[in-house]
Every structure is written in structure tokens, then in C-alpha cells.
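To keep things clear, I will list the structure first and then write my remarks on it.
The values are calculated or read from the model by the stated rules, or taken from the named source; none is laboratory data. Everything numeric in this text was worked out from a predicted model, so none of it was measured. Here Cβ is always computed from backbone atoms with ideal geometry, including for glycine, and neighbour counts include all displayed protein chains. Just so you know, the surface numbers come from the protein's heavy atoms only, side chains and all, with ligands and any DNA or RNA stripped out. Shrake-Rupley method; radii C 1.70, N 1.55, O 1.52, S 1.80 Å.
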Amino acid sequence: MRRAGPDTVVSVAVTPMAGSNHDEPGVPMDALRMTRCGSVDLVPDPRRVITKPFVPGGEVPTDGPSRIQVVAERIAAMSDRAVADTLANARASFDGRHPDLEAAWDRSHGVVAARLAHEGRPIGPSSLDRQRLTGAYFTHEYSIEAAALGNPSIVAAPDQSGLAAGEVRFVLSLRALGEGHISSVEFRTGVIGADASIRLDPTGRYVVTGDKTPHAYDKAFFTTKLDDLAMLNDVEALVLDRLQDRFTMTELEAAIDVLEDDGVNPTISAEPPVGPPGPPDPGSPEPPGGELKVKTVGSATPG
């Protein structure tokens, strides 16, 4: 299935040509019958929008205030009444297009506060309304399908329950091109009927973005992999003992950081030379009698 126009999808079926015989030289290959199907309509909708933190560029020299600080100071100077009225106007203008607008403003305020704290100009204590107004000023509404929608690809969905005989539920991925030609990946669902018809489920009222979650490692697999690499020793055992059955890289790094409490250098560990003793080799930096293996504790990632 691929995009053919603003409202059509082309499906390709291979059908044998009448009287064709591929055993004979010079006989053409089977014809490709092109069928246009109007049951699927993939049209970009610029009304599908998300929220993004907006951080202005073009900063002034470091001896002066940044653009972010200038805006934050203007908001800090507003009266409580002006803050409440401006925030109410922003809520009335945008609330119907986003599932949790105030949460988006809270995230943007956090980004701005962290940026100003990094510049050594932290935002002072303020009311929740003033914090959210600051977040609103630094929130960008972005149309993910402003330019185009295409590149459909489908796979069978894990859940195939509740379907009629011959039907298959699928998950559809799409490439959405938004403002500034930035690509996003969208996911939709639908059903292929027994007659090869395609039905897409209606899209939701809101577009939501995914949340990043740290990858969780399996302790048993991690331990086995270290053992396979001959990197499992007493130091690694101390680290692994502090971890749960599933752990994140942050938790692993924290377990490594406390090695000093056990009197262990958390940077490297070394294996003693192995192999039969032998005379030193002037051309080799290795010590006589074997190879010195040095490894970074916790650097082995299963893969």
C-alpha cells in the first residue's frame, strides 16, 4: 500500500497473463494489475496539533539578559489581576485543542526555570498561576501534519480478538511532515476485511506525544552476558547485588558510584596476567607471562 494521490491508495496484485508460460524463453513476466481503492483516505490535517516547549534563539551577549530572562521579568512585573486575566484568555483560546493544557505549561515552565538557573539567573518564588503563565509564553503549538502525510506501513496487531472470520486488525505507521518540514511518526489502527477492504479506526480528538522512559535491563541476562564476556568478578558482583531484578542505567551508575564506600576504585579493575611464564618481549608492551586485561566496571551493556 502506498500513497497515490490525495484520497486514493494503490494496491498491487500479481495475476498470470492468459496463456503465459515461463518455461518458454521470451515470454513476458506476469502482468501487474493496478487497482485503485477508495476505501482509505490519508489526507494531512493541519488542525492536528501538539504542544512543544519554545526556547527563543538569538541570545544577546553574555553580559546582558537573555531573551528568556527579559520575558520572565516582564511576567514577574505583571499584577496578579493581569496574570489571571491573561492566563484565562490563553486557556480559552487553546484548551479545546489539547487534552491537558496546564500540564504542558507546567513542563514548559520547568524547561525555562532550568535554563535560567543554568545561566545563574533563577526565577524567584511565584504563584502557580504566574508559573503557568510563564509556561504558556514559552509553549509552542505545532501542527504535525501541516505539510504532508505519507509513507504508510502496516503490521498485524497483537490483539486479534472480536473480529469476524477472515478479518485482521493492523497497526499503521505514518510519516507526518509538519511545520519546518519536521518529521513525526504517527500510529493508527484499522481492520482488513475478508474481502481485502481496509477500514481505518477514527482518529482521536487530540494528538498526544509519547513519554520517554528509561530502558530497563534484566539482571539475570546482564549477569549472564558479563559471564560470557569473562567480565564477571567480585567487583561486578558487588554492583549487581545492589540492583533489583530489572534496573535502569541510572540505577546501575548509582550502584557503581557507591563502590568507594566498600574501598573499591570505581573506575577500573584489572585481571592478573594469565598464561605460561615466558621471557619478556622487548617489542611488546605486555608484561611477561601473559596479557593484562583492564576493563571499565559497568561498561558492558548486553547487546
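One table, with the values for the structure above:
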{"item": "Residues (in a strand (DSSP E or B) and either among the acidic types (Asp, Glu) or in contact with a Lys or Arg (Cβ under 6 Å, 6 or more places away or on another chain) (or both)) located in the range 177-199", "result": "Ser183, Glu186, Gly190, Val191"}
{"item": "Filter pass, Ala103 being modelled with pLDDT under 90, open to solvent by less than 60 Å² (accessible area, probe 1.4 Å) and assigned to a helix (DSSP H, G or I)", "result": "no"}
{"item": "Residue within the range 153-166 that is closer than 18 Å to Val208 by Cβ and not in a strand (DSSP E or B) present", "result": "no"}
{"item": "Filtered residues of the range 76-90 (kept if more than 36 Å from the chain's Cα centre (by Cα), assigned to a helix (DSSP H, G or I) and hydrophobic (A, V, I, L, M, F, W, C))", "result": "Ala77, Ala82"}
{"item": "Residue list for the range 107-126, restricted to those being open to solvent by less than 50 Å² (accessible area, probe 1.4 Å) and assigned to a loop (DSSP other than H, G, I, E, B)", "result": "Gly124, Ser126"}
{"item": "Residue tally, condition among the small types (Gly, Ala, Ser) and open to solvent by less than 40 Å² (accessible area, probe 1.4 Å), over the range 134-164", "result": "6"}
{"item": "Thr224 vs. criteria over 19 Å from the mean Cα position of the chain (by Cα), among the hydroxyl-bearing types (Ser, Thr, Tyr) and not in a loop (DSSP other than H, G, I, E, B)", "result": "yes"}
{"item": "Residue in the range 233-248 that is among the acidic types (Asp, Glu), surrounded by 13 or more Cβ atoms within 10 Å (Cβ to Cβ) and touching a residue at least 40 places away in the same chain (Cβ under 8 Å) present", "result": "yes"}
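Residue-wise test of (1) in contact (Cβ under 8 Å) with a residue 12 or more places away in the chain; (2) in contact with a Gly (Cβ under 9 Å, 6 or more places away or on another chain); (3) of a type in the set (Phe, Trp, Tyr); (4) open to solvent by 60 Å² or more (accessible area, probe 1.4 Å).
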| site | (1), (2), (3), (4) |
| --- | --- |
| Leu177 | yes, yes, no, no |
| Arg188 | yes, no, no, no |
| Gly193 | yes, yes, no, no |
| Ala196 | yes, no, no, yes |
| Arg199 | yes, yes, no, yes |
| Thr209 | yes, no, no, yes |
| Phe221 | yes, no, yes, yes |
| Met231 | yes, no, no, no |
